[in-house]
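Notes follow once the structure below has been shown.
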Amino acid sequence: EAGVTQSPRYAVLQEGQAVSFWCDPISGHDTLYWYQQPRDQGPQLLVYFRDEAVIDNSQLPSDRFSAVRPKGTNSTLKIQSAKQGDTATYLCASSSSQTNTEVFFGKGTRLTVV
Amino acid sequence: AQSVTQPDARVTVSEGASLQLRCKYSYFGTPYLFWYVQYPRQGLQLLLKYYPGDPVVQGVNGFEAEFSKSNSSFHLRKASVHWSDWAVYFCAVSMEGNNRIFFGDGTQLVVKP
């Protein structure tokens, strides 16, 4: 069974540039999460979806960050006008609300903003 | 509000020695507790999970953890550490029926030969 797939694995931007991260969850998982993990810290939830609906985006900096999951499968997280403080690893994860399985994580996208 | 504290940012043990990584949680209600491991350039992998029941849970690779409601703790243990256990370990908490997980800041385990 394929795991959670993320791309790209790495990104380096200058401040002010935009970037998009893509996530393909495990097939059949209806719940998808985006976490931000700054260096030497634990992951912090940004947003999560059940199917195509946003369940909680209260921690997503809405002025520059956006996330979509239009068909309830793949998802894209976008940062407009990146700042140095956005430097972190962005983790996507998925789970099934029907079976209450564990949450499975992708390998992440490591973003550096210079 | 729910939170997890891992008081040790870094723990160094000799290969073959026993290990305990500490975790304290703050939660209203009955928590679900987890330990994840993160190897370099890898995603988070679940080591073990606690759902209400037996307070001692067994995980992969000889790891176990013990839930203590009175101490609000969920410490991770291993009897004999191997060099391949060198990684960052995260304690985490969620609530029943909701897979939203709150993580601590992790403990870096260093294994000396």
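Side notes on the structure shown:
- Heavy atoms of residue A:15 accessible to a 1.4 Å probe, total area in Å² rounded to 10: 110 Å²
- Cα-derived Rg over Rh, computed across chain A with Rh taken as Kirkwood radius: 0.95
- Remark on the stretch A:24-41: accessible area falls by at least 10 square angstrom from chain-alone to full-complex state for A:33, A:35, A:37, A:40, A:41, probe 1.4 angstrom.
- The fraction of accessible area contributed by carbon and sulfur in the stretch B:44-91 is 54 percent, rounded to a whole number (1.4 Å probe; ligands and nucleic acids excluded).
- Its relative contact order, with pairs defined as Cα atoms under 8 Å and 6+ residues apart, puts chain B at 37 percent.
- DSSP-defined antiparallel bridges as percent of all bridges, chain A, nearest 5: 90 percent
- Lysine pair count for the protein assembly as shown [Cα-Cα under 22 Å; pairs on different chains or 8 or more apart]: 9
- Entry comment: accessible area of the stretch A:19-69 is 46 Å² per residue, from protein heavy atoms only and a probe of 1.4 Å.
- Rounded to the nearest 10 Å², the accessible area of residue B:105 at probe 1.4 Å: 90 Å²
- Rolling a 1.4 Å probe over the protein heavy atoms leaves residue A:76 with an accessible area of roughly 50 Å².
- Loss of accessible area when A meets B, both sides summed, Å² nearest 100, probe 1.4 Å: 1700 Å²
- Three semi-axes describe the equivalent ellipsoid of the stretch B:3-112; taken as square roots of 5 times the Cα gyration tensor eigenvalues and ordered largest first, they are 23, 14, 12 Å.
- In terms of accessible area, using a 1.4 Å probe and ignoring ligands and nucleic acids, B:5, A:89 rank largest first as B:5, A:89.
- Residues in the stretch A:76-114 occluded by at least 40 Å² - accessible area, probe radius 1.4 Å, against chain by itself: A:100, A:102, A:103, A:105, A:107
- Put A:66, A:96 in order of accessible area, highest first, and with a 1.4 Å probe you get A:66, A:96.
- Net charge, residue B:19 excluded, C-beta distance under 14 Å - Lys, Arg +1, Asp, Glu -1: 0
- Solvent-accessible heavy-atom area per residue, rounded to whole Å², over chain B at 1.4 Å: 49 Å²
- Computed over the stretch A:5-113: relative contact order in percent, which uses C-alpha pairs under 8 Å that are six or more apart: 37 percent
The values are calculated or read from the model by the stated rules, or taken from the named source; none is laboratory data. Note that the structure is a prediction, hence the values are computed from the model and not measured. Glycine gets a Cβ as well: all are built from the backbone with ideal geometry, and neighbour counts include every protein chain shown. All accessible areas refer to the heavy atoms of the entire protein, side chains included, with ligands and DNA or RNA removed. Shrake-Rupley method; radii C 1.70, N 1.55, O 1.52, S 1.80 Å.
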